[in-house]
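Take a look at the structure set out below.
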Amino acid sequence: MPPSSVSHKKFKVLVFGAGNFGSCLADHLGDSGHDVCMWSRSADLVKTFNETHHNPECLKDHVFPSTIKAIGPEFPSADVTKSMDVLLFAIPTEGVRATLTALRPHLDDEQLPLFIFVNKGIEIATRSLTLEIIADTCGPKIATVATFISGPSFAKEIVRRQPTSVSVASLSESHAEKASQVFHQPWFRCYTGGDPVGIELAGALKNVYAIATGVSEGLGFENNTRAMLITRSLSEMTRIGAAYGASPLTFLSLAGVGDLFMTCSSPTSRNYTVGYRLGKGEKLDDIIRTLGSVAEGVTTTKAVRKVVDELGVDAPIATAVYGILYEGKDLQETVQRLMCLPPLRELQLPEQAGSHVKRLMQKLGLS
């Protein structure tokens, strides 16, 4: 891509979260010429990062640009928040509601920053997507312009400037385009879209299916089985998304099949690793305790099971993952049960769809 096609506008960005993905995106944005603050609850991380330009908790060997400043552990003040052009949220979905609730009093409704979310998951207690959490905590005005970035993007490869592409979606086309301008570089391509619900569902669901693929590999199954699982997982994701009210085409995007393929086929994936170790006979509690980072698919599986039941969607793979994680189902018996299901029509969308999205759009004041 010619350098002239890359935006050179400089933004002030506040990143909420200093984990793997928050750190790698802060690194990308800092290296792209933006002024970046990265908030962490860890006083030790903030001190070490500002003194050494290293993150002591993740991506430990990487040297971060001097254009990034760590702040915390105190929550960012109103003055800091109001000085920012972009607020980037890279925290687990279970922490989004509390963070936005604390942030809301600091916002100036007449001069709002650009909101970008990169978390992937569904809130367990409410079964809410992040878009719904934003509407509940910050109101419809902010929710309708919030943007979501998702796609096949491992943190370790982003900081090495490996060619990467992502989906950027919002109900507001202009805000999706602005978020794309913030991130777009020759090593990090952005493609915009208008289906944030589909992007969110794809990002949450693929982690559940990565666990299934990891289990398969841990049990010793090979290429035929992996290809089958990824393809049938895509079919399930699309069916769940369509029943929810998302566009089926979204699941053919970078945030859909792209992220699913990567997460289900790489040992670098934390969710795949959880499944693989389960397949090797380890206990879930031991895996979580020693994993060293968050595998959102483990908690997301709980919410997905409830969503599937509410929608009345046939999702045997996702249901099987729930059984393995939370009902103590035997792995070999689960495999046998899935393989003994009766023949089915390969591609089939639900006859009635969209009730969840319709309710959400009504909450946002949109038709």
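The values are calculated or read from the model by the stated rules, or taken from the named source; none is laboratory data. Bear in mind the structure is a predicted one, so any value in this text is a computation, not a measurement. Methodologically, a virtual Cβ is constructed for each residue, glycine included, from the backbone with ideal geometry; neighbour enumeration extends over all protein chains shown.
Table for the structure above
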| item | result |
| --- | --- |
| Residues located in the stretch 189-230, provided they are surrounded by 21 or more Cβ atoms within 10 Å (Cβ to Cβ) and outside any helix (DSSP H, G or I) | 190, 195 |
| The lone exception for residue 162 - which of (1) assigned to a loop (DSSP other than H, G, I, E, B); (2) of a type outside the set (Ser, Thr, Tyr); (3) buried (at least 17 other Cβ atoms within 10 Å of the Cβ) it fails | (3) |
| Criterion (closer than 26 Å to residue 356 by Cβ, touching a residue at least 40 places away in the same chain (Cβ under 8 Å) and either outside the structural domain of residue 357 (by TED's automatic domain parsing) or out of contact with any strand residue (DSSP E or B) (no Cβ under 6 Å at 6 or more places or on another chain) (or both)) met by exactly one of 255, 242 | 242 |
| Every residue from the stretch 63-90 that is β-branched (Val, Ile, Thr) and either surrounded by 13 or more Cβ atoms within 10 Å (Cβ to Cβ) or not assigned by TED's automatic domain parsing to the domain that holds residue 175 (or both) | 67, 68, 71, 80, 81, 86 |
| Residues satisfying the stated conditions in the stretch 98-136, i.e. over 20 Å from residue 169 (Cα atoms) and polar (S, T, N, Q) | 99, 101, 111, 126 |
| Every pair of residues 6+ apart whose Cβ atoms lie under 7 Å, when the first sits in the stretch 340-367 and is modelled with pLDDT of 85 or more while the second is surrounded by fewer than 11 Cβ atoms within 10 Å (Cβ to Cβ) | 361/367 |
| Pairs with Cβ under 6 Å, 6+ apart, first in the stretch 270-285 and assigned to a loop (DSSP other than H, G, I, E, B), second small (Gly, Ala, Ser) and surrounded by fewer than 21 Cβ atoms within 10 Å (Cβ to Cβ) | 280/218 |
| Of all residues making up the stretch 91-142, the number that are surrounded by fewer than 14 Cβ atoms within 10 Å (Cβ to Cβ) and assigned to a strand (DSSP E or B) | 0 |
| Unique residue being touching a Ser or Thr at 6+ places or on another chain (Cβ under 8 Å), among the aliphatic types (A, V, I, L, M) and at pLDDT 95 or above when the list is 254, 291, 278 | 254 |
| Members of the stretch 42-58 found to be under 14 Å from residue 155 (Cα atoms) and modelled with pLDDT of 95 or more, listed by number | 55 |
| Subset of the stretch 311-363 [among the basic types (Lys, Arg), within 30 Å of residue 141 (Cβ to Cβ) and out of contact with any helix residue (DSSP H, G or I) (no Cβ under 8 Å at 6 or more places or on another chain)] | 358, 359 |
